[in-house]
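Here the structure is laid out as structure tokens; the discussion comes afterwards.
The values are calculated or read from the model by the stated rules, or taken from the named source; none is laboratory data. Every value quoted in this text rests on a predicted model; they were computed, and no experiment measured them. Virtual Cβ from ideal backbone geometry, glycine too; neighbours counted across all protein chains shown. Ligands, DNA and RNA are excluded from the accessible area calculation, which covers all protein heavy atoms including side chains. Shrake-Rupley method; radii C 1.70, N 1.55, O 1.52, S 1.80 Å.
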There are 2 protein chains.
Amino acid sequence: MKIQKQIDVKAYKPSGFIGDYRRLVKETVIPYQYSILKDELPDTEKSHVYANFVNAGRALRGEDTADGFYGMVFQDSDAAKWIEAAAYALAAEKDDLLEKKVDDFIDVIAGAQDEDGYLDTYFTIKDREKRWTNLLEAHELYCAGHFFEAGCAYYEATGKRKLLDVCEKLADHIYKHFITEGNGGYPGHPEAELALMKMYRLTGKKKYLELAGHFINTRGVDADFYRKEKERRNWQVWGNDASDGAYQQSDRPVREQKDATGHAVRAVYLYTGMADYASEKSDAELYKACRTLWDSITKRRMYVTGGIGSTVHGEAFSVDYDLPSDSAYAETCASCGLMFFASRMLENEVKSEYADVMENAFYNTVLAGMQLDGKRFFYVNPLEVNPGISGVAAVYRHDLPERPKWYGCACCPPNVARVIESFGKYAYGENADTLFCHLFAAGEVKSLCGLNLVCETGYPYELGVKYRVSGKGKFAVRIPGWSRNNIIKRNGESFKPEIKDGYAYFEIDGADEIDLSFDDEPYYVFANPKIPRLTGQACLKRGPLVYCFEGADNDGYVSDLVLAKDGKTVYESINIEKYSTYAIDVEAGKQFSKGDPYSIIFPEIKPYKARAIPYYCWGNRGINQMRVWLPVMK
Amino acid sequence: MKIQKQIDVKAYKPSGFIGDYRRLVKETVIPYQYSILKDELPDTEKSHVYANFVNAGRALRGEDTADGFYGMVFQDSDAAKWIEAAAYALAAEKDDLLEKKVDDFIDVIAGAQDEDGYLDTYFTIKDREKRWTNLLEAHELYCAGHFFEAGCAYYEATGKRKLLDVCEKLADHIYKHFITEGNGGYPGHPEAELALMKMYRLTGKKKYLELAGHFINTRGVDADFYRKEKERRNWQVWGNDASDGAYQQSDRPVREQKDATGHAVRAVYLYTGMADYASEKSDAELYKACRTLWDSITKRRMYVTGGIGSTVHGEAFSVDYDLPSDSAYAETCASCGLMFFASRMLENEVKSEYADVMENAFYNTVLAGMQLDGKRFFYVNPLEVNPGISGVAAVYRHDLPERPKWYGCACCPPNVARVIESFGKYAYGENADTLFCHLFAAGEVKSLCGLNLVCETGYPYELGVKYRVSGKGKFAVRIPGWSRNNIIKRNGESFKPEIKDGYAYFEIDGADEIDLSFDDEPYYVFANPKIPRLTGQACLKRGPLVYCFEGADNDGYVSDLVLAKDGKTVYESINIEKYSTYAIDVEAGKQFSKGDPYSIIFPEIKPYKARAIPYYCWGNRGINQMRVWLPVMK
């Protein structure tokens, strides 16, 4: 039994910071991505996503497939993720034109579905005989999972069933292949697990729960599956090492896995499905395994920004405490996935540490993945950028100092879009008698549990939150782990609520006003010396926001800045291009060294007022140095 | 005209620190390497070097080639480098048994030489038709160069001509191919250039000087040579990118090259030949190019240990200021090559900065390349090792925390051996009227310029040097750049010699005792903030020795150490296994942080007496953390 679950997508009407971001996604990102999918933008790498569906439909009708298939083997998922984001956007705000575009797209997708329910344009166009022969690399189940998520979202948002029907037919086809016919195997790129849980919840069909459980519970039981599969097939997509079980999260049954390993996005998508299934089945053993993996990530393999998967080699988790700032991978999608995982852990236990991590991942790495104008995107989120080295030298070639426009592998931008458009699902949860606020998000919430609320806050900049709650039931609000001094008021009076696992609980009967004020002083974060790269350094934060230093604010360079551990700070409103945000000015030092490159003279450190900006705002003013961690030397 | 040149190998009889090292090489490394070359050691990767020569001889005689060729395409060079080291050992100390082994080896090598002078077992055994068709990868000129160096050394040491005759025949063959027949091209792996300069000097044959000049002056003039060569041939060794001119140091004529780029060993071998040729021909333009490349290396691309070539990607120079401690490559051979380059720069101008770099590379990276017992070797010399990360995670997989026994690619061990055995050539130089001491090396020197000396010193630990000089002429001694306060005495009296470009000059007529005392206080080195990885950190040195901190001396960990910038130091005699050295104990701090992994509490820093040992002694006590640079936090 779930302790609590995400609210429905239509239950939250955003305003404030999230409302603004949602509008940016709605007005800029979604139309832009649509043009990409339809190849309507000049000077942009060809996507061909829409055309692939059209051509797959032709193939099914025995017609000429025109220009055939183009793109990554998982190109279909771009369409699904776009539809999911558009669905959430439509849930918040009616838009007939957008809805028409989605409906048309769904028609084309439906036309690309085989009569047996199979749906994947790569195989339908290129070679139907190869279906299901390369689970390791070919990502059919990954694409299916994204269709499921899109189908559920679009139904939730509009009540329209067409895509959901496609999804059910596809899910039934998969069930037949893996369960009825007993063909072995599990997803090379997990995603189907968490998506089948959504299908189950929406349709109530037990077979989807069973199928999710099948993929989770058989994974790694035959740890040799992918190697044997590779021997059976005579084709490949990338030539992945099928023997590297740890990389595929399949070297042992998931219940026995102790470390978060391998491709970071795949890992957290898998763990999300596991945590969701564990809560649904009250599977304590599986939840315990999730908890072990959670600790592996959050205590030993996570950046201070909530970035995970520190190495470019396989876009993967590295070993414990290997968290380099400058050669970081920290894919945007992986932090989206970490939010998914955290949100499902909250289904098992309402503990603030899950929401703390979810918040950190969102406000720092996920938001940093997108330019402030919504037009460019980072896949890789370094915590330090040195122009001339970053993006140039081999070790840092993936660490770009500026967001590029669009990638051939377009996984991250639609992931950011769908997370922002469905922020309410991460921010608010409910069960039969309680409404939970995991994240602070201005707007209105109508829950199913008997409580409604209006939340007013300038979060993440103003660190006070006001709730007007009405109805009858329990109201639970997270007290963030970073806040040491909290002022809690109920109807204007100081109040001491019950605090459990980092949440404050209030009994509401009628209408109440709850005011929370959290620490708003900037603070420094220090790393355990087990992280070799971070010894002697500090990172500036305020509330949930990680701050960073950019050359643009600091006379061109930040590699010469040193922090004073007790340096005073000033919080100040600034604009970055047209975007309003808040800087923190800190009393620091700037080093001057004549060493060329080394000197036996201690560098002269001149007092310097260094300016920090929110990490998610970096890289919006051209190429310059950026650092999250600075040495503490004074 | 050379300003001065290296002394003859027999002119220096080492004692003291260098004498001890020389004996270790003579008694341990040379016999060990000989057993490897002859495949007489069990449990060691097959070398097959000796067998390749035997089999090549068979091929030439039309006999069955038995087990054919085995090893790297440049496997022959292992033999040449071993002979060169053995030759220097024989110059210092007669050893009939060793001399017999070398003579026998030379007989086998001579037997593998084709009648047209060609010598390379790879092609002679495998495919004579492919000779000279792949200069980029096949390293025939590289191997030839090592034969030349060995032939010159063995003649210098023993007066025996057989190998030198083989070399002349080979050099004449190369001259015919490239000059007489006008076949284009230049060495893929430079080495022939510097070696032909040795051949020229020893034999006086102008054609060798001409050939060296040809390779230097045509390099990069046709920047497309390797690409066109690749188009012509239908085979490859590694499949190198023939279009990457910067990597091959051939994107433009050498006189126009501004940055040290590409494979670091190849680069410094090339620059060595260039500097040697420049001094021989009084070619000011070429020397200026060398000077530009020297600055590129030493001011922007060199570790504090004298390591160069910071990236594993191509064993190459990275971009300016990219000098990571933990993912360093810093190949031992590259620092040997930097010594060669520095030594040839001193032929053009006697300036202490050249010898400072040469000394730094030797006492730190070159010596660190070898276990203290002479039995194991590092190719890669990181400045920081974190067990569990180093040697494990992909970015640091090459940074081993312990020296391995032997490699299939056995370039570094014999390079260290030949540098140590010929140390006098780097330490002492001469011209018609002056004897130069570039490095401080106890022992006796008999020069050709009219001066002899006995040097007494406990260098690099005792930083006083006593010279008893006799004869008539000028005597020049380098004042090291790291020493700020120097006491100079002549015959017991304080003396103010002429100082020029960092050298003290003395007129000697009869017999004099010169005493030099250098700074013996430990000191910290700081990096220019342009090196992003080193801001806020310091490195401890004493005299020419870089010190490092190892877990073995510091309660298991060093990533938790922070230095106090004015922390007192104590210099102390210690043993590392059976090896006597000196530690430096520093007043420092050890951080205790409960952050898991991050905390908002400033880490508790407890006063701690941290122990540092010379960097060249690290890794001799099992796997543990090691750091050269530590944060300065107190």
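If you go through the stretch B:323-337 one residue at a time, do you hit one that is at pLDDT 95 or above, within 14 Å of another protein chain (Cβ to nearest Cβ), in a helix (DSSP H, G or I) and under 24 Å from residue A:600 (Cα atoms)? Checked the stretch B:323-337: no residue is at pLDDT 95 or above, within 14 Å of another protein chain (Cβ to nearest Cβ), in a helix (DSSP H, G or I) and under 24 Å from residue A:600 (Cα atoms). All of B:571, B:616 fail the test of being at pLDDT 95 or above, more than 12 Å from chain A (Cβ to nearest Cβ) and more than 21 Å from residue B:376 (Cβ to Cβ), apart from B:571. The set of residues in the stretch B:511-543 being facing chain A (nearest Cβ under 10 Å) and in a strand (DSSP E or B) consists of B:523, B:524, B:525, B:526, B:527, B:537, B:538, B:539, B:541. Scanning the stretch A:546-555 for residues that are outside any strand (DSSP E or B) and not acidic (Asp, Glu) turns up A:551, A:552, A:554. Exactly one residue out of A:609, A:541 is open to solvent by 50 Å² or more (accessible area, probe 1.4 Å) and either outside the structural domain of residue A:484 (by TED's automatic domain parsing) or in contact (Cβ under 8 Å) with a residue 60 or more places away in the chain (or both), and it is A:609.
Within the stretch A:302-316, the residues that satisfy the criterion of being more than 8 Å from chain B (Cβ to nearest Cβ), crowded, with 24+ Cβ neighbours inside 10 Å and touching a strand residue (DSSP E or B) at 6+ places or on another chain (Cβ under 7 Å) are A:305, A:308, A:309, A:316. Across the stretch A:37-90, the qualifying residues are those that are in contact (Cβ under 8 Å) with a residue 60 or more places away in the chain and acidic (Asp, Glu), and the one among them that is surrounded by the fewest Cβ atoms within 10 Å (Cβ to Cβ) is A:45.
Screening the stretch A:274-301 for residues that are among the small types (Gly, Ala, Ser) and either within 26 Å of residue A:530 (Cβ to Cβ) or within 12 Å of chain B (Cβ to nearest Cβ) (or both) and picking the one that is surrounded by the most Cβ atoms within 10 Å (Cβ to Cβ) gives A:289. Could you go through the stretch A:297-304 and let me know if any residue there is charged (D, E, K, R) and assigned to a loop (DSSP other than H, G, I, E, B). So far as the stretch A:297-304 goes, yes, one or more of its residues are charged (D, E, K, R) and assigned to a loop (DSSP other than H, G, I, E, B). Of the set (1) open to solvent by 50 Å² or more (accessible area, probe 1.4 Å); (2) within 14 Å of chain A (Cβ to nearest Cβ); (3) assigned to a loop (DSSP other than H, G, I, E, B), all apply to residue B:221 but (2).
For residue B:416, indicate whether it is surrounded by fewer than 24 Cβ atoms within 10 Å (Cβ to Cβ) and either among the hydrophobic types (A, V, I, L, M, F, W, C) or over 17 Å from the mean Cα position of the chain (by Cα) (or both). Considered against the rule, which asks whether it is surrounded by fewer than 24 Cβ atoms within 10 Å (Cβ to Cβ) and either among the hydrophobic types (A, V, I, L, M, F, W, C) or over 17 Å from the mean Cα position of the chain (by Cα) (or both), residue B:416 comes out as no. Restricting attention to the stretch A:168-185, does a residue exist that is outside any helix (DSSP H, G or I) and buried (at least 21 other Cβ atoms within 10 Å of the Cβ)? There is at least one residue in the stretch A:168-185 that is outside any helix (DSSP H, G or I) and buried (at least 21 other Cβ atoms within 10 Å of the Cβ).
Of the helices (runs of 4 or more DSSP H) lying entirely inside the stretch B:338-448, those carrying at least 2 residues that are assigned by TED's automatic domain parsing to the domain that holds residue B:325, over 23 Å from residue B:93 (Cβ atoms) and aliphatic (A, V, I, L, M) are B:352-360.
Take the conditions (1) of a type outside the set (Ser, Thr, Tyr); (2) in contact with a helix residue (DSSP H, G or I) (Cβ under 9 Å, 6 or more places away or on another chain); (3) open to solvent by 70 Å² or more (accessible area, probe 1.4 Å); (4) on the phi > 0 side of the Ramachandran plot; residue B:619 misses just one of them, which is (3). Name the residues in the stretch A:544-586 that are under 23 Å from residue A:463 (Cα atoms), acidic (Asp, Glu) and open to solvent by 10 Å² or more (accessible area, probe 1.4 Å), would you? Selection gives A:566, A:572. Screening residue B:558 on (1) over 24 Å from residue A:630 (Cβ atoms); (2) not in a strand (DSSP E or B) shows it passes everything except condition (1).
Strands (runs of 3 or more DSSP E) fully within the stretch A:452-510 that include at least 3 residues being surrounded by 13 or more Cβ atoms within 10 Å (Cβ to Cβ): A:464-478, A:487-490.
Would you confirm whether or not the stretch B:145-156 contains a residue that is open to solvent by 10 Å² or more (accessible area, probe 1.4 Å) and not in a loop (DSSP other than H, G, I, E, B)? Yes, there is a match, as at least one residue in the stretch B:145-156 is open to solvent by 10 Å² or more (accessible area, probe 1.4 Å) and not in a loop (DSSP other than H, G, I, E, B). Among the residues of the stretch B:511-522, those that are surrounded by fewer than 17 Cβ atoms within 10 Å (Cβ to Cβ) and within 30 Å of residue A:605 (Cβ to Cβ) comprise B:520, B:521.
Filtered by the rule that a residue be at positive phi and crowded, with 24+ Cβ neighbours inside 10 Å, the stretch A:121-144 gives a lone residue, A:139. The numbered conditions (1) at pLDDT 95 or above; (2) open to solvent by less than 10 Å² (accessible area, probe 1.4 Å) are all true for residue B:389 except (2). Within the stretch B:186-218, the residues that satisfy the criterion of being closer than 15 Å to residue B:168 by Cβ and either among the hydrophobic types (A, V, I, L, M, F, W, C) or in a loop (DSSP other than H, G, I, E, B) (or both) are B:192, B:195, B:196, B:197, B:199, B:202, B:204, B:205, B:209, B:211, B:212. Mind listing whichever residues of the stretch B:390-436 are under 30 Å from residue B:46 (Cβ atoms), among the hydrophobic types (A, V, I, L, M, F, W, C) and more than 14 Å from chain A (Cβ to nearest Cβ)? B:400, B:406, B:409, B:410, B:411, B:412, B:416, B:417, B:419, B:420, listed by residue number.
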